[in-house]
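Working notes for the structure below.
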């Protein structure tokens, strides 16, 4: 692991410190919730550290949260070593890499694309849907046609390394509907939420989805209200994990609405996870997690099982934080 991946929050809310790798095994992250001063950006999983750097380059210059989240997740979309997002993503069971993305600002403007093939940065297309059309969501061939008309860059997918893995999988795998191990790179997302210096909120979410999924499958990531929801009056939330479960409870919208009712970001994330638990009889491998940020700069995270973490960046520095979970449910 890279040295900066051992950064953890200290017990004091908002205080950040760098932990030496030799000490990392003795650290238990306490700041799965807290409050930040000034601009802040949070994103899901380890790859959120690099994504946050891209977003912070915008925020520290006084840029908008909307620009920040777009630039931030583009870093992950372009990472050829990432197998669950963007150009380096794994294909569906028919060999097609299909991409999903959405973006939303705190004034309820939003754009989304799903089942999109061959476009380098689906998040750019999602923003163009928001700003250049009367629609919220474009999918499949229509989304690709729009992207090409707007001049967005194409990319060849799957890349060679991924294609070799896929061919091996096709020969060896007989159970095409096996549940994924969400905490590994066969299935997760980059979801990002941010608040800028002006107090405006925005979020973005992008993924190549469940590896070896059925052709045509779309998860929660491009669905406004499921994978992402933002409201300047309240806050923002984004999700990761098994998308079908998140869609069933309108996960990110649920988190924001709970904050509207007075829940803290942490408690709202926890309640959304508990709703998923209550709605599913079989919880085997059903990992879902949420991160949330309210308009005051309070943040929180929660997941059903251990293993989910999120990256955070603010004026005090950066951190990778383990989300809270509780197996007593």
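The values are calculated or read from the model by the stated rules, or taken from the named source; none is laboratory data. Remember, predicted model here, so these are calculated numbers, not experimental data. Backbone-built Cβ (ideal geometry, glycine too); neighbour counts: all protein chains shown.
A few points about this structure:
- Exactly one residue out of 241, 227, 235, 251 is buried (at least 23 other Cβ atoms within 10 Å of the Cβ) and at pLDDT below 95, and it is 241.
- Qualifying residue in region 76-85 (condition: over 27 Å from residue 170 (Cβ atoms) and in a helix (DSSP H, G or I)): no
- When residues of region 254-268 are limited to those that are in a helix (DSSP H, G or I) and in contact (Cβ under 8 Å) with a residue 40 or more places away in the chain, the one surrounded by the fewest Cβ atoms within 10 Å (Cβ to Cβ): 266
- Of everything in region 106-146 that is part of a strand (DSSP E or B) and in contact (Cβ under 8 Å) with a residue 40 or more places away in the chain, the residue that is surrounded by the fewest Cβ atoms within 10 Å (Cβ to Cβ) is 139.
- Only one of 169, 210 that is at pLDDT below 95 and either surrounded by 24 or more Cβ atoms within 10 Å (Cβ to Cβ) or part of a helix (DSSP H, G or I) (or both): 169
- Identity of the residue in region 75-89, under 15 Å from residue 221 (Cβ atoms) and in contact with a helix residue (DSSP H, G or I) (Cβ under 6 Å, 6 or more places away or on another chain), that ends up surrounded by the most Cβ atoms within 10 Å (Cβ to Cβ): 85
- Lone qualifier among 34, 14, 62 - being surrounded by fewer than 18 Cβ atoms within 10 Å (Cβ to Cβ) and at pLDDT below 95: 14
- Members of region 276-316 found to be surrounded by fewer than 19 Cβ atoms within 10 Å (Cβ to Cβ), in contact with a helix residue (DSSP H, G or I) (Cβ under 9 Å, 6 or more places away or on another chain) and not in a loop (DSSP other than H, G, I, E, B), listed by number: 279
- Among the residues of region 147-160, those identified as farther than 19 Å from residue 95 by Cα, touching a residue at least 24 places away in the same chain (Cβ under 8 Å) and in a loop (DSSP other than H, G, I, E, B) are 150, 152, 153.
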